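The values are calculated or read from the model by the stated rules, or taken from the named source; none is laboratory data. Please read these numbers as outputs of a predicted model, since none were measured by experiment. Please note: Cβ atoms are built from the backbone with ideal geometry, for glycine as well, and neighbour counts cover all protein chains shown. Accessible surface areas use protein heavy atoms only, side chains included; no ligands, DNA or RNA. Shrake-Rupley method; radii C 1.70, N 1.55, O 1.52, S 1.80 Å.
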Amino acid sequence: MTSRTLLVGALLVALAAGVSRAEEINPVVGKAGEFTLREADLDRLIDALPAEAQQQLRKNPEQRALLTREILQTRAVAMIARKEGFDRKPEVRERLGYFVDDFLAREYLTKVVIAGVKVSDAELRAYYQEHAKDFVMPEQAMVRHIFIGIADAADSQAKAAARTKAEGVLERLNKGEDFAAVAAEASEDTESAKEGGLLGAITPGQTNSEEFEKAVFALKAGEVSSLVESSFGYHIVKVDERKEKRTLPFDEVKETLRTRLQDEAEQNRLREFIDGAAKQAGVELPVTGEKQPGGEK
């Protein structure tokens with residue numbers, strides 16, 4: 001065997017190994033006629049989808065397989081349509097032109113027009129300082145209550161009976177019974193009673209009872225009130241947790257602000273660019289009484 005034969009053989013082995021490695025790195029996921037869909041092709045298609053759809057497809061192999069099947073089936077039908085000249089029909093070409101224009105415009109706007117729009121940390125901080133009042137969190141209390149109601153037309157005897165019942169409940173609590181358990185058994189607010197009397201987080205001005213609210217914000221975390229009379233009846237209030245009024249620090253709201261201001265900046269840039277493009281192209285629209293982008297009112 002000559003040295004030349006040995007060299008050619010070695011090259012063929014190396015080439016075969018290279019092809020094998022390429023197949024491993026970017027494997028074929030499906031074929032339709034001469035069309036081959038590889039892993040990287042599918043990934044690029046998925047990258048172009050909305051974020052939520054991307055997450056589902058990356059987490060769920062079954063969804064990914066369904067998308068692969070759909071792509072290949074669509075390609076198979078399109079191949080038949082092209083073979084029969086369907087894509088050359090005037091009405092089809094016209095609609096294809098609209099689809100192409102729409103896709104091209106959206107891609108250009110996303111990847112060119114707003115690609116460089118960035119909100120700096122300095123802009124975020126300036127906004128935060130100018131809108132400081134928007135980041136003030138009012139005091140808040142996580143509240144439970146036990147409610148004994150008084151009907152609107154209740155006479156003095158009925159009111160006295162309701163108060164006696166409420167006092168009995170309060171006495172049980174003062175003797176050490178668990179508030180949530182007593183609320184579940186005795187409270188006439190059936191909805192909150194299911195959750196041990198839990199009403200949730202309350203901020204000043206949120207309720208329609210001044211007496212109730214005053215009692216809530218007079219309590220510290222873990223404390224239980226005495227009887228609180230409102231226009232609805234009697235309440236016994238417990239505060240599970242208190243949060244004092246505070247201003248959210250910049251670092252805590254920074255990323256939320258970035259998302260909001262980035263979106264606003266992108267929308268402003270899009271409107272500016274589209275209006276300019278329409279004006280440059282001499283876009284004309286029927287007069288409707290409203291000023292149209294790129295045209296006159």
So with the 1.4 Å probe, I'd like the accessible area per residue for the chain, rounded to whole Å². 71
Is the shape of the chain best called rounded, prolate or oblate, per the rule: a/c under 1.5 gives rounded, else a/b larger than b/c gives prolate, else oblate, with a ≥ b ≥ c the square roots of the Cα gyration tensor eigenvalues? prolate
Place a +1 charge on the Cβ of each Lys and Arg in the chain and a -1 charge on the Cβ of each Asp and Glu, then give the dipole magnitude about the Cα centre in debye, rounded to the nearest 20. 1440
Please compute, over every Cα-Cα pair in segment 73-147, the percentage with a separation greater than 21 angstrom. 67
Dividing the surface of the Cα convex hull of segment 131-275 by four yields a projected area in nm² of 13.0
Lys/Arg +1, Asp/Glu -1 at C-beta; the chain dipole; positive extreme among ALA218, ILE150, ALA81: ALA81
Dipole magnitude of segment 106-189 about its Cα centre (Cβ charges: Lys, Arg +1; Asp, Glu -1), debye to nearest 20: 300
For ASP263 and GLU284, compute 0.36 nm times the residue count separating them, minus their Cα-Cα distance, and round to one decimal in nm. 4.7 nm
Kirkwood Rh over alpha-carbon pairs of segment 104-205, then Stokes-Einstein at 25 °C and 0.890 mPa s: what D in µm² s⁻¹, rounded to an integer? 131
The percentage of the accessible area of segment 17-175 (probe 1.4 Å, all protein chains present) made up of carbon and sulfur atoms, to the nearest whole number, is 55
Which entries in LYS118/LYS279; LYS159/LYS245; LYS111/LYS133; LYS59/LYS111; LYS194/LYS214; LYS165/LYS238 show an alpha-carbon gap greater than 28 Å? LYS159/LYS245; LYS111/LYS133
Tell me the label-point distance for the pair ASP134, LYS194, using the 7 Å Cα-to-Cβ offset, in nm and rounded to one decimal. 3.7
Once the piece of chain linking LEU66 and ARG271 is laid out straight, how much longer is it, given 0.36 nm per residue of separation minus the C-alpha distance between them? 70.1 nm
